[in-house]
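The values are calculated or read from the model by the stated rules, or taken from the named source; none is laboratory data. These numbers were taken from a predicted model, which means no experiment stands behind them. Neighbour counts run over all protein chains shown; Cβ positions are idealised from the backbone, glycine included.
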Amino acid sequence: MICKELAYMLADYFNGSMDARLREELDDHLSRCEPCAAFTKTYQAVADRTHSLRRHIEYEIPPEVSKRLEAFIHAAALKYPEKVREYRDQVERDRREKVADLVRAATAGKLSSATALLVESHCAACPECGGYLAALRETGTTQAGDPPEGIRSHLIALMQTLPPGEEFFLA
């Protein structure tokens, strides 16, 4: 584990949702790396303070603003249905391409270490995804096409856990 990877995993570390093996690896890194230990203490202090502040902040959008925004979006969708369809189609194409890239990188062993740990942890808990990727690796298939919907939705969820701008594959 490298220091940069630790920073991306602290939320799961503190909320208890981290895989036990990964947690041990993180604990080991923290015991040997003074800068990361200090960063982790600061991270926890900031998170605790943020949670405290959130309890005192009103999060609701005023109903009149919500209604106006909803009406605006609805009117725009009615006025430009082809643009809405175009946008949705583009989002879907982009998502499918990103999933295909992730599957190719995973089967070729080209995932970044943080993403590899995420995928490995997920596959250990999800036999469907684990079996799918294992079968692709065994056959040496890198162009598998679209994975089944359940696997596809899991891979999309995994990609959404990556920090913005973070690439999941190695260059």
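Details
- Filter pass, Thr107 being touching a Lys or Arg at 6+ places or on another chain (Cβ under 7 Å), modelled with pLDDT under 90, over 24 Å from Lys4 (Cβ atoms) and surrounded by 11 or more Cβ atoms within 10 Å (Cβ to Cβ): yes
- Checking each residue in the stretch 21-60 for being of a type in the set (Gly, Ala, Ser) and either assigned to a loop (DSSP other than H, G, I, E, B) or modelled with pLDDT of 85 or more (or both) picks out Ser31, Ala37, Ala38, Ala45.
- Among the residues examined, Asp12 does not qualify as of a type outside the set (Phe, Trp, Tyr), more than 30 Å from Ala124 (Cα to Cα), without any contact (Cβ under 8 Å) to a residue 40 or more places away in the chain and in a helix (DSSP H, G or I).
- Selected residue (criterion: nearest to Glu25 (Cα to Cα)) from residues of the stretch 129-152 that are loosely packed, with under 12 Cβ neighbours inside 10 Å and charged (D, E, K, R): Glu138
- Residue in the stretch 110-126 that is under 24 Å from Asp12 (Cβ atoms), over 22 Å from the mean Cα position of the chain (by Cα) and at pLDDT below 90 present: no
- From the options Val65, Val99, Val91, residue that is closer than 19 Å to Thr161 by Cβ, exposed (fewer than 13 other Cβ atoms within 10 Å of the Cβ) and not small (Gly, Ala, Ser): Val91
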